Every structure is written in structure tokens, then in C-alpha cells.
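Computed from the coordinates by the stated procedures, all read-outs in this text should not be read as laboratory data. These numbers come from a predicted model, not from an experiment. When we count neighbours, we look across all protein chains shown, and the Cβ atoms used for this are built from the backbone with ideal geometry, even at glycine.
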Number of protein chains: 2
Amino acid sequence: VTAVRTPAGAGTTATLAAFAADLTWEQLPEPVRAAARRTVANVVGLAVGASRHDAVEAALRALGDLGVRGGASLLGRSDTTGPTWAPLVHGIAMHVEDFDDTHLRTVLHPGAPVVAAALTAAELTGADGRALLTAVVAGVEVASKVGNALCPSHFDLGWHVTGTMGHLGAAAAAGHLLGLPPAQLHAALAVAATQAAGHTEQLGTTTKSLHPGRAAANGLEAALLARSGLTGPAAPVEGPRGLAALMAPVVDLDEAVRGLGEVWEVEDNAFKPYACGIVSHPVIDAGVELREHGVTAADVVSVEVVVRPVVLEVMGVEEPADGLASKFSVFHCFAVGLLDGAAGPAQYSDDRARDPEVVALRRRVRAVLDPDMPKDACRAVVRLADGREIVLHVQHATGSVDRPMTDEQLHRKFSLVVEPVLGARTDALWELAHGLDRLPSVGPLLEASRPT
Amino acid sequence: VTAVRTPAGAGTTATLAAFAADLTWEQLPEPVRAAARRTVANVVGLAVGASRHDAVEAALRALGDLGVRGGASLLGRSDTTGPTWAPLVHGIAMHVEDFDDTHLRTVLHPGAPVVAAALTAAELTGADGRALLTAVVAGVEVASKVGNALCPSHFDLGWHVTGTMGHLGAAAAAGHLLGLPPAQLHAALAVAATQAAGHTEQLGTTTKSLHPGRAAANGLEAALLARSGLTGPAAPVEGPRGLAALMAPVVDLDEAVRGLGEVWEVEDNAFKPYACGIVSHPVIDAGVELREHGVTAADVVSVEVVVRPVVLEVMGVEEPADGLASKFSVFHCFAVGLLDGAAGPAQYSDDRARDPEVVALRRRVRAVLDPDMPKDACRAVVRLADGREIVLHVQHATGSVDRPMTDEQLHRKFSLVVEPVLGARTDALWELAHGLDRLPSVGPLLEASRPT
């Protein structure tokens, strides 16, 4: 009953709450606004692309059993669902292809939980695009800064940072859009903090994508519950029995507020160009680059990719039997890079994993380990049928800190996932999703995402 | 990607899932059936009693903002809510007065999360009373056994066991009522395990009672999601990045299945006779006993209660300013025991905390510490105005393992909390709540709980 407070970290939650409540569009420097636009556009595209994914359908079937109906829109779908379920379904859809975004320092994927909560909160409140983008920045900053305080030990222990920190980010974003004053946003963070969850044991299952979905739903609900008067403790994050103390062996609480509103974490949110684990991205780049040199699979006698040992540890599957397994095959990754010039969800389908041309090419790829290879680099030595040898050096993989995806690349990625759903209407959705600050509400975006 | 499995605990979740899926009413020995009846009746009464509590109203106001409507009943209320929200509201109502039940070994309060999930699942499926009671036993066993594996280190670290283990119990109970086969119930436990949450930093706030509410809602949703095809890992509890590894420093996974279906944890579920922390219960018993000797407050010159040091550490408030603070005053506890012969929510109201008669009596009570006093015992030395001295020895407090509440005492407690809501209809609800195995559905129970 008598809680012992340590001076370190005192006031962490109060500081974060005031920041999230009071943040304005005018305060955001242009690069921060640009980063917010990109974060939103990227996951909006992914949600549309995955709007018929098995995991999404499973969640909606479960709701059907409950008779849940409501006025909340779903990206890429004509049906609606209850307002607390829309963030859950969106969180699943945005994350389920492992193709979203990454705050590299924490391995947090902030887009799915934060944008999913913000989108439904904006629909509920009639907020405009600038308010939505400001809320997303607030959410990404809160989730990432607290992540900085707890990581890497929090991640290393086995917590799925997207589920845990996602709760705080979603509550901050939703609380901002509901217009909560700092004291209520503080309570919303408390309600969210005590629900933070998600284990990396779940990787490789569809429940992994439930983590950001649940974080988004709980974050929105936390903001609504706090507004209605639910109370939490003063120090839900920094207290002796709070989130930080329970969920990370090594914590530096100063990091949770360091540079708040000055050093913007959302600027370090990187986008995945390829729908698989980040360690194989340099190798895919090598395949794509080879294709750009005019080389075809038929020209290739053998390929030797020089990579860090971790690449084989997590991506060493030589004969992937299905699409999911092919995400863990660096050989498959190189092959689709050369054959397709892409590595989106289509390249990791069951069909593509078993395609004879892909199988034949990937069998000609072998890996050589080099512990000194930087983590965003690789080398590929390609022997061609005409006797030539091509050596490719990928120094910084696409989507790495030193080589971020350009807006054009992000647009191409968006098109890749959205076109199968919206066809010729894809570019119109991109314009809305990437230009949200011009919209008076999120209505036009949601409307444009619906298949005809 | 290549998960390293330790042999210890292998198959824990599968074993628990098969147990919960396959359990039948016929398998339950009569003392287990009786324990299940008592567990259900106790929290049903509490939910009715707290059906207008501030925290319940706050949750329902938050839902109102969402336009959530649905067919799920709420105990003690005429309005309904969405089927995923009813367990949340019930979990809050059952736990918010700190008056529910305790699996003493783990400090888990299994009734609220398990019964809240089971009740709505039974309403959704049309299950009969025996199926509900069987599901409650399945849920209590799963939550308590896994709790045995993780506690005390899990609790000592700061996890609110009712929130964390409550997720597993709620999923097991709901999965049983949905008739999930073992493989799907296994997936339901996986979906629930990765959402397990709740920090003891939240004690003393209304968000604490959200923990069993969220556990109940997530447990029911986990069962529905698993039925619809969401998948989880094989070892969500026992795996290297699963619940046990992340959430407790000392784990004995064998405990999670030891005696499953033979040694019934539900039989060790104790009921709180008094609406405050358990350490002051012997002192309240002393006050009640003194009253039964015909002694009144006016007769009492001074009282010396001999207690363990922990009692003053957590219950040492000498001049409680309001109802909540009076729950942490062993002096107040003794005073209401003698004056009212009870220590229910009414004895911890703001009015009662400030009542001059109570204040005057509690100022004549002082505490003497004895480190050797057993935790369920106390001694009270009472000096009376006529010069007599009465020495009372409470050897086992009411509601302790060695002196469980009788059915008659439980019925009186039920009446104490339900009568302010239902008046003369209270006994009829007790008959239904404590005799569920005679009901063809939960409909009559829910109907009888509604105020006219």
C-alpha cells in the first residue's frame, strides 16, 4: 500500500501524457510531417492488400458469432464492424504480411498499432487529416521513446515490442484525437500500460498479428475508459510495480522522455521493401540489381552470396515447402529478386515457393559466411553461362537507415499490395493516403479503399 | 525460427487443453461440484451488488460513446451490451470491491475472470447450468495450476495474478462451453496466453478491476478466434519465449499439470467474508465475536490487538479519511466488527469511515506486534468499563483454509451485497445462483438478477 518511489523516472508518464495531449500540427517540422504521411500511407496500403487475408477473415468470422455490428469502417472492405473491433482487424491486416515498418532501434513496428487506433478514433470524432497525422506522431513518439527506455533487454527477453509498446502508442494517439486533457491522457496511458502484452513465442503464427490489433483496440478503449472516469496509478510505466519494472531487466527511464518533441523517433521509422525478415534484404537487393543489369535466370550458372552468419541462422531453409517457409529461405529470396524484381506477398505464396523455375534457380544459390559483413550489406558472385563473372556489392540494403525507401519506392510498394484489390483505383487511394493533411476527415480515404 | 525446446514442461499447454475440452460434469466429485457452486454464487452476488458502481458505470459510458449494443445480459441491470463487453463489465463488477475469492497459494482471484467469461459464453451457446459449472471448474483448474507453476515469483515481481492467469482460465472456460475440440482449445489458450497482463502498480485504482474484466473478455474472444481459425504456437505457456519464461523468474512447469483432474484447486478457493485485505480478517473476527458475547461499544474502555507485523505495514492507517482508506485501517476493521457484526462494502463507505461512533471506538484500539502470530490468527485483550478484561483468541480467521465460510455464511454475505439492489427477491436469486446445476440455461439466473 505504501509504494516506494524511486527518483529515477519520476513523472515519466505525466510528461508523455502532456506531450501527447498538447502536440499540434504546427509544432511538427516538415520532415516529421513527411515521416508521418509515409507511416500512414504504408500501413493503409497493407491493410487494403490484406483485407481478405485468412487471419482477417478469421477475426471477422469470430465477430459474426457475436453478432457484432457497428458503424466503424474497415479498409478495403464494404462491411463494417463494431468500433472496438475495427482497430483490432486493422492491426492484424497491417502487420500480418510482415511487411510494415520498423523503428530499428527497438524493433518496434509502430505503424500498425498506432495508425489502426488513430484511424477509428478519427472516424468516431470526425477529426481531419492533420489531427490524425499529429496523433500518429504522438503515438509513435510515446511508443518508441518508452521502447528506447526498455530495449534491447525487453525485446531480448522475448516480448513482442509491437504488442507491448503498441498499447502506449495507440492510447496516446486515440487520446489525442479524443481531445483528452493531460490528466485524462495520463489515465489512458495507465489503463493501456497494464494491458501491454505479446510474446515472440507467437512468431510464425497468425496470432502474432493479433498483437498490434489488440494493442490498437485496447489503446482506443483505454482513452474512452479514461474519459469516462476509470482511474489508474500515477506511475504506470515508471512505478516499482509498473510496466518497466516488470517487463525489462535493464531499463533507462531517462530515455523515455529524452529529446521528446525535439528528436523525433518517427523519422527513424523505416519501411520494409520486402515481405520477409530484414536480414535477407541485402540479398534480395542483389537479385533485383542483377536483373536491372539485364541478366536473366537462364544466364545464371551459379551464385555465391556472402552474408553474415545470422542470415543462415534465421533464413537457412534450402527447400521451402510452402510460402511461409519461403520467407525463411535466403536462396528463395535471391531467386525471386532476380526473377520478379520484387519480394512482396506474391513472391512468398505457396505457388511461388513451388514454382519449378524458382526452385531451379534457388538451387544454384549458395551462401558463404563472413562475420565481418555489415548487417545491411552483402556481396554476390554470379557466374554466367557465357563465362563472365559479375560481382555485386550491396552496401546498404533498401529500407535501411542509410538508404531509406524513397516516396517513389513506397508508392510502388503500395501499388504492389493494393492493385489486386482496387485495380485502377489504386493511385487515387495513394494520393489520399499520402496526402492526408489535405483531407477534412478520414471519410474520403475510407470510402476510396472500398472495392466496388 | 528454430525454437529451442526444453524437455521440462513439454506438452504443458496440450495437456491443459485436452483436460479443459474433455472435462465432464460426471467426472466431478461432489466436493468439487459444491466448490464450483460456491465460486459462481459468490461472484454473481458481487456483480449484482456492484452493478451501479462508479467503475461499472464508467465502462458502460465508454461503450455508450461507441454505440455498442448487443444481446448480452448484465447481472443486476436491465440494459444489455455487446457480447465481448459483458465479460469485461462483469469482471469489473465482481472484483471491484475486493470482496471476491482467493486461491490462497497463488493469490489468484479466479472467480471474476472465469465466471464472467463462462456466463456470457453460456448465454451465447444456450448451455445448461451443469455445463457452466463444469466450464468454471476447467477454468479455475487451468488458471490455478499454471499459477502454481509461476508463483510466488510471478506475484512477487508485481504481476496481478488475477489478470495474467485469469486469461488462461477464461479461455479454458469459454472454450469448454463453445465445445472446442482439444486442438482448438489449445489454440485458444495460445491466443489468451500472449495477452496475459496486469500490474500490481494499479492496486488502489479502479483499473485494477479492469484486469479480470479484460481477462474474461479476452478469454471469450480467444476461444471464438481459435474456433474461427486463428493459430498460435504449440508451447505458448511453456516455450522459451512464452508466458512462463517471460513473466516469472522462478518456474516449475511440472506444477502446471500436477494432479490435474485429481487434486482440485477449486476446492482451495476461499471466500472473503470481509471487503478488505485478508490480513485484517482475524481482527474483524475478534470484533464480531466480542459482539456475540453481548458486549457493546459503550462497554469498551480499550482494546489491544496482538497481530503479525505485516498487519500494521498494510493496515496501519489510524485516522482513515474516507471509505477507501478505511479498508487499510485495522482499527476501523475491529470497530465495525464490534459495532456492525459485519465488514461488507457498507462498512467501508465514506459515511461509515467518518461516523463519530466508529471514530470514537477505533481510537480506543491499539495494536501490539508479535512476529510469531500465525497469519490467520490474532489475540485481542479488551478492557471493559465494569473492570472486566476479556481475552479473545482467534485461531483461524473466517474464510481461511482451516475455517472456510459455511454455505450459510456465504448466503448471508450474498444477501448483504444483493439486498440493496433486489430487496425481497434476493433469496430467489441465491437459490438460482447456488443451484445452477438444476437450470436448463443461464436465462433464469440472468432474468432474476434484473431489478424491477
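Roughly how far apart, in whole Å, are the Cα centres of the range B:340-372 and the range A:71-147? About 50 Å separates the Cα centre of the range B:340-372 from the one of the range A:71-147.
Holding the Cα-Cα limit at 30 Å, pick out from A:K208/A:K375; A:K145/A:K413; B:K327/B:K375; A:K208/B:K327 the pairs that are longer than that.
Working: A:K208/A:K375 25 Å; A:K145/A:K413 28 Å; B:K327/B:K375 18 Å; A:K208/B:K327 42 Å.
Long pairs (Cα-Cα over 30 Å): A:K208/B:K327.
Basic side chains Lys and Arg get +1 at the Cβ, acidic Asp and Glu get -1 at the Cβ, and with that the dipole of the range A:339-417 about its Cα centre reaches some 260 debye. Net charge within 15 Å of A:V250 by Cβ-Cβ distance, Lys/Arg positive one each and Asp/Glu negative one each, not counting A:V250 itself? Result for the local shell: -4. Helix B:407-422 and the longest principal axis of the C-alpha atoms of chain B enclose an angle of approximately 90°.
For B:P83, the shell of other residues with beta-carbons less than 10 Å away shows a net charge of -3, using +1 for Lys and Arg and -1 for Asp and Glu. In plain terms, the chain from B:T80 to B:R105 could stretch by 5.4 nm, reckoned as 0.36 nm per residue minus the Cα-Cα distance.
Put simply, the Cα atoms of the range B:216-296 extend 64, 30, 27 Å along their principal axes, the longest span coming first. Over the Cα atoms of the range B:405-452, each weighted equally, I'd like the Debye log10 I(q)/I(0) at q = 0.14, 0.27, 0.32 Å⁻¹, rounded to two decimals. Cα-only, vacuum Debye calculation for the range B:405-452: -0.33, -1.02, -1.19.
When the Kirkwood radius is taken over all Cα pairs of the range B:254-344, what Stokes-Einstein diffusion coefficient follows at 4 °C and 1.567 mPa s, in µm²/s? The partial results should precede the final answer.
Details: Rh = 14.8 Å.
Calculated translational D: 87 µm²/s.
Summing charges over all other residues whose Cβ lies under 15 Å from the Cβ of B:A226, with Lys and Arg as +1 and Asp and Glu as -1, gives 0.
Averaged across the residues of B:231-237, what count of C-beta atoms belonging to other chains lies within 10 Å of each residue's C-beta? Write down the numbers at each step before the final one.
Details: counts 9, 9, 9, 2, 1, 5, 2.
Rounded to a whole number, the mean comes out at 5.
Projecting the Cα atoms of B:P152, B:V142, B:P113 onto the dipole axis of the protein assembly as shown, where Lys and Arg carry +1 and Asp and Glu carry -1 at the beta carbon, places B:P113 farthest toward the positive end.
Per-peptide packing, taken as the mean over residues of other Cβ atoms within 10 Å, places A:110-116, A:183-189 in the sequence A:110-116, A:183-189 from highest down.
Quick one: plug the Kirkwood hydrodynamic radius of the range B:109-199 (C-alpha pairs) into Stokes-Einstein at 20 °C, 1.002 mPa s, and report D in µm²/s. Reported coefficient: 167 µm²/s.
According to the square roots a ≥ b ≥ c of the eigenvalues of the Cα gyration tensor, what is the shape class of the range A:173-314, taking rounded for a/c under 1.5, prolate for a/b larger than b/c otherwise, and oblate for the remainder? It comes out prolate by the Cα gyration axes.
Helix A:86-95 against the longest principal axis of chain A: what's the angle in degrees, Cα atoms only, rounded to the nearest 10? Long axis of A:86-95 versus the principal axis of chain A: about 30 degrees. B:G64 label point (Cα plus 7 Å toward Cβ) to equivalent points in the other copies: 3.4 nm, shortest first.
Chain A residue nearest the rotation axis toward B, with distance: A:A197, 2 (Cβ to axis, whole Å). By its C-alpha gyration tensor, with a ≥ b ≥ c as the square roots of the eigenvalues, how is the range B:65-153 shaped: rounded for a/c under 1.5, else prolate for a/b larger than b/c, else oblate? Taking the square roots of the gyration eigenvalues as a ≥ b ≥ c, the range B:65-153 is prolate. Peptide B:306-316 is shielded by partner chain Cβ atoms: per residue, an average of 1 of them sit within 10 Å of its Cβ. So, R0 is 35 Å and r is the distance between the beta-carbons of A:L203 and A:E408; what FRET efficiency does that work out to, to 0.05? The computed FRET efficiency comes out at 0.65.
Multiply the residue separation of B:V310 and B:A10 by 0.36 nm, subtract the distance between their alpha-carbon atoms, and state the gained length in nm to one decimal.
Details: separation 300, 0.36 × 300 = 108.00 nm, distance 3.89 nm.
Additional length available on full extension: 104.1 nm.
In order along the range A:380-389, phi translates into HN-Hα couplings of 10, 10, 10, 9, 9, 4, 7, x, 6, 10 Hz, rounded to whole numbers, per the Karplus curve 6.51 cos²θ - 1.76 cosθ + 1.60 with θ = phi - 60° and x for Gly and Pro. Expressed in Å, the radius of gyration and Dmax of the Cα atoms of the range B:15-91 are 16.2, 46.
Of the Cα atoms belonging to chain A, the radius of gyration and Dmax stand at 22.0, 79 Å.
I'd like to know how the range A:324-412 sits against the 2.2 N^0.38 Å rule of thumb: what's its Cα Rg over that expected value?
Values: Rg = 14.4 Å, N = 89, 2.2 N^0.38 = 12.1 Å.
Taking the Cα Rg and dividing by 2.2 N^0.38 Å, one obtains 1.19.
Classified by the C-alpha gyration tensor, the range B:318-374 has a prolate form. Its axis ratio a/c, with a ≥ b ≥ c, is 1.5 or above, and a/b is larger than b/c. A Cβ-based charge dipole, computed about the Cα centre of the protein assembly as shown with Lys and Arg at +1 and Asp and Glu at -1, lands at about 540 debye.
With a cap of 13 neighbouring Cβ atoms within 10 Å, and only residues DSSP puts in a loop, list the trypsin sites (Lys or Arg not before Pro) found in the range B:210-261. Each step should come with its number before you reach the end.
Details: sites: B:R214, B:R227, B:R241, B:R258; in loops: B:R241, B:R258.
In loop regions of the range B:210-261 (DSSP not H, G, I, E or B), the sparsely surrounded trypsin sites (Lys or Arg not before Pro) are B:R258.
Candidates B:N269, B:A353, B:G337 compared by Cα position along the dipole of the range B:261-395: farthest toward the positive end lies B:A353, with charges placed on Cβ. Here the relative contact order of the range B:264-391, from alpha carbon pairs under 8 Å that lie six or more residues apart, stands at 36 percent. Estimated translational diffusion coefficient (Stokes-Einstein, Kirkwood radius over Cα pairs, 37 °C, 0.692 mPa s) of the protein assembly as shown: 115 µm² per second.
For a distance above 18 Å, tell me the whole-number percent of Cα pairs in the range A:1-155 that qualify. All intermediate terms of the calculation are to be shown ahead of the outcome.
Values: 7503 of 11935 pairs.
Distances greater than 18 Å cover 63 percent of the Cα pairs.
Taking all Cα pairs closer than 8 Å and separated by 6 or more residues, the relative contact order of chain A comes to 20 percent. Remark: label point of B:G341 defined 7 Å out from Cα along the Cα-Cβ vector; separations to the same position in other copies 8.9 nm, ascending. Between this copy and the others, label points of B:P420 are 5.8 nm apart in ascending order, each placed 7 angstrom from Cα in the Cβ direction.
How long are the semi-axes of the equivalent ellipsoid of the range A:90-131, taking √(5λ) for every eigenvalue λ of the Cα gyration tensor, in whole Å from largest down? Could the numbers behind the result be given before it?
Values: eigenvalues 102, 29, 9 Å².
So the three semi-axes of the range A:90-131 are 23, 12, 7 Å.
Each peptide among B:269-279, A:385-395, A:364-374 gets the average number of other Cβ atoms lying within 10 Å of its residues, and from highest to lowest they stand as B:269-279, A:364-374, A:385-395.
Remark: chain B carries a charge dipole of roughly 640 debye about the Cα centre, counting +1 on each Lys and Arg Cβ and -1 on each Asp and Glu Cβ.
Just to verify a number: FRET efficiency for B:V391 and B:T24, C-beta to C-beta distance, R0 = 45 Å, to 0.05?
Numbers: r = 51 Å, r/R0 = 1.14.
About 0.30, to the nearest 0.05.
Between A:D252 and A:D427, the C-beta separation translates, for a Förster distance of 51 Å, into a calculated FRET efficiency of about 0.70. Would you give the gap between the C-alpha center of the range A:250-276 and the C-alpha center of the range B:398-452, rounded to a whole Å? Computed from Cα coordinates, the inter-centre distance equals 53 Å. Per-residue mean of foreign Cβ neighbours for B:206-212 is 5 (Cβ atoms of other chains, 10 Å radius).
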